[in-house]
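Undergrad: Dropping a structure here in C-alpha cells format, bear with me for questions.
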Amino acid sequence: MSVVFQEGVLSDIARVTMGQSPKKEFVSSTQEGLPLLNGPTEFGSSHPTPVQWSTSFSKTAEPGDILFCVRGSTTGRMNWADQQYAIGRGIASISAINPQERHFVRAAIDLVLPELLAAATGSTFPNVSRLQLSELPVALPSAAVRTEISGLLGALDDKIESNLRVRNLCRDLGGNLVADTVRSAPSTQLEHYTASISRGVTPQYYKDEDASPVLVLNQKCIRDGWVTPELARLMTPRAREKSQAIARLDDLLVNSTGQGTLGRLARWDSDDPIYVDSHVTVVKADPRRIYPVLMPYLVFPLQDEIEHMATGSTGQTELSPSRLAQLNVPLLSLEEQRPLSARLVALEAQAHYCQVQSLKLTELRDALLPELMSGRMRVDEAGCLVSEALDEEVADV
C-alpha cells in the first residue's frame with residue numbers, strides 16, 4: 001500500500017528558536033551557568049563540546065534539539081543538543097513537536113538544505129532567518145509513518161554515534177598509555193624524530209580538465225585529532241610529485257595558517273596516500289628513531305604550545321616548518337617505545353574499523369533518506385536493509 005504525502009512546512013512538525021547572544025559580562029570559561037554556543041566552533045561529529053558558559057541568557061536549546069548554524073560560511077551545519085545550552089545569535093534551535101519524530105525533522109531539513117544554502121549564500125554575508133527555516137517545504141506522511149521513518153534513521157544515527165564514541169575511546173586510551181609512559185621522560189625537539197617536516201602543495205583546483213583529478217586535504221579536514229577526507233577538494237595532478245607533501249599512514253598533519261585554525265592536529269590513518277595543501281604541514285617520522293604510530297601521540301597534547309609558536313599578526317598567523325621542528329616533546333628510546341607502539345597499533349586499528357563502519361552506515365542513511373522521504377521506498381523495505389546492515393556489522397566484530 002502506497003504512503004500518502006501532503007505538502008507542508010517545517011513549522012508543521014517543529015519549533016524554531018533563534019539564538020540571542022548574552023552580554024559579555026555574563027560569559028566566561030569558568031563553567032558557571034549554562035554552556036554557551038555561539039557558532040559551529042564547538043561543534044563535533046554529533047554533539048558540541050562547549051568552551052564558554054553564561055550565567056544570564058534568554059534563548060536555550062533543550063536535549064534532543066537540532067542545533068543549526070544560521071550565519072556565515074558555516075551556515076547549515078548541524079549538531080544534536082545532548083544537554084541544555086544557551087544559544088547565541090549564530091545558532092538556531094529546532095525542536096520536534098513530537099520528540100519521537102526528531103530524526104524525521106532532521107531528515108526533512110537535510111533533504112532541502114542545498115536549496116536553503118543556495119538562497120542564503122546569495123548575499124555578501126550568508127544568513128538564514130527564522131521565517132526561512134519555519135517555511136522550509138516538507139512532504140508529510142501520516143504521524144505514524146513519520147515516527148517509523150524517524151525510528152529507522154535514528155537507529156542508524158545511534159549506531160554511527162556509538163562507533164564514533166568507540167573510536168574516540170580508543171584514541172583516549174592510547175593517549176593515557178602514552179601519558180603514563182612519558183611522565184618522567186626527558187625532552188627533545190620534534191626534529192629529533194622526523195624524516196621531514198614540510199608544507200603541502202599549492203593546488204590547481206580541478207575544472208573539468210582531461211586528466212583525472214586527485215584529492216587534496218585542507219585545514220577544514222583536520223579537527224580533534226582526526227581527518228575528514230569527505231571535506232577534501234579535487235586538484236589537477238601535479239607534473240612532478242612532491243613526496244614530502246603526501247600524507248601516508250601514521251604521518252602527523254598540522255594546520256599551519258590562521259588564528260583559530262592553526263595548531264589543529266591529526267594522524268593520517270589510511271593506507272591510501274593523499275596530498276595536503278600548503279596550509280597544512282606534514283610531519284613524517286624517522287623509523288630509525290621512533291615507531292611512526294607513536295609520534296602523533298607525543299604531539300597531540302601540545303596543541304596549545306603549537307598555537308603559541310605561530311608568528312604574524314592576528315588573523316594572518318603562520319607556523320613555519322622550522323619553528324614546528326623546535327617543539328619540545330618527550331624523549332623515549334626505541335626499547336621504551338616498542339611495547340607502547342604495539343598497543344597503539346591495535347587501538348588505532350580498532351578506531352579505523354569503527355570509522356569505516358560509520359562511513360558505510362552514513363552512506364546507507366544518505367541513500368535511504370530521499371527514498372523514504374518521498375515514499376518511493378516503503379518503511380518495511382528500508383527496515384530490512386537497516387537490519388541487515390546492523391547485523392552485518394555485529395558479525396564483523
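What follows is calculated from the coordinates using simple rules that are stated; it is not laboratory data. In this text, all values refer to a predicted model and were calculated from it rather than measured experimentally. Cβ coordinates were reconstructed from backbone atoms using ideal geometry, including for glycine residues, and neighbour counts include every protein chain displayed.
Undergrad: Find which of 253, 311, 299 sits farthest along the positive direction of the dipole of the range 186-331, computed with +1 on the beta-carbon of Lys and Arg, -1 on that of Asp and Glu, about the Cα centre.
TA: Going by the Cα projections, it comes out as 311.
Undergrad: Still on this structure, please answer the following. Across the range 185-201, in residue order, what do the Karplus-derived ³J(HN,Hα) couplings come to in whole Hz, using 6.51 cos²θ - 1.76 cosθ + 1.60 with θ = phi - 60° and x for Gly and Pro?
TA: 6, x, 10, 8, 8, 3, 4, 4, 9, 9, 8, 7, 10, 9, 5, x, 9
Undergrad: How many lysine pairs does the chain hold where the Cα atoms are under 20 Å apart and the two sit 8 or more places apart or on different chains? Provide the component values of the computation, followed by the final result.
TA: Numbers: 23/59; 24/59; 159/360; 242/284.
Qualifying lysine pairs in the chain: 4.
Undergrad: For Cα extents along the principal axes in Å, which listed value, (1) 61, 50, 38; (2) 72, 47, 38; (3) 66, 54, 48, comes from the coordinates shown?
TA: Read-out taken from this structure: (3).
Undergrad: Once amide H atoms are placed 1.01 Å from N in the peptide plane, what residues at a sequence separation of 5 or more from residue 247, or on another chain, have their amide H within under 5 Å of its amide H?
TA: Close amide H contacts, sequence-distant or interchain: 274, 275, 276.
Undergrad: Now a separate question. About the Cα centre of the chain, what is the dipole size in debye to 20, counting +1 per Lys and Arg Cβ and -1 per Asp and Glu Cβ, all else neutral? Mind showing how you got there, number by number?
TA: Numbers: 37 positive and 49 negative charges, 245 e Å.
Approximately 1180 debye in magnitude.
Undergrad: Calculate one ³J(HN,Hα) per residue across the range 287-301 by plugging θ = phi - 60° into the Karplus curve 6.51 cos²θ - 1.76 cosθ + 1.60, and present them in order as whole Hz with x for glycine and proline.
TA: x, 6, 10, 7, 5, x, 5, 7, 4, x, 5, 5, 9, 3, x
Undergrad: Work out from phi, with θ = phi - 60° and the Karplus expression 6.51 cos²θ - 1.76 cosθ + 1.60, the ³J(HN,Hα) of each residue of the range 258-266, listed in order in whole Hz, and give x for Gly and Pro.
TA: Working through the residues one at a time gives x, 5, x, 10, 4, x, 5, 10, 7 Hz.
Undergrad: What is the extension gain from residue 4 to residue 242, computed as 0.36 nm multiplied by their sequence separation minus the C-alpha to C-alpha distance, in nm to one decimal? Write down the numbers at each step before the final one.
TA: Numbers: separation 238, 0.36 × 238 = 85.68 nm, distance 5.67 nm.
Here the answer is 80.0 nm.
Undergrad: Another question, if that's okay. Using the basic label-point model (7 angstrom from Cα toward the beta carbon), what is the residue 118 to residue 233 distance in nanometres?
TA: 2.2
Undergrad: Taking the 0 to 90 degree range and rounding to the nearest ten, how far is the long axis of helix 102-120 tilted relative to the main principal axis of the chain, both from C-alpha atoms?
TA: 80
Undergrad: Given points 7 Å out from each Cα along the Cα-Cβ axis, report the residue 367 to residue 142 separation in nanometres with one decimal.
TA: 2.9
Undergrad: With axes computed from alpha carbons, what is the tilt in degrees of helix 334-374 against the longest principal axis of the chain, rounded to the nearest 10 within 0 to 90?
TA: For 334-374 against the chain, the angle is about 20 degrees.
Undergrad: Which net charge results for the neighbourhood of residue 116, defined as the other residues with beta-carbon distances under 12 angstrom from its beta-carbon, given Lys and Arg at +1 and Asp and Glu at -1?
TA: Around residue 116, the surrounding residues sum to -3.
Undergrad: Provide the FRET efficiency to the nearest 0.05 for the residue 47-residue 97 pair, computing r from the beta carbons and using R0 = 25 Å. Mind showing how you got there, number by number?
TA: On the way: r = 22 Å, r/R0 = 0.88.
With R0 = 25 Å, the Cβ-Cβ based efficiency is 0.70.
Undergrad: Treating the angle as unsigned and between 0 and 90°, give the value, to the nearest 10°, between the Cα long axis of helix 379-396 and the longest Cα principal axis of the chain.
TA: For helix 379-396, the angle is close to 20 degrees.
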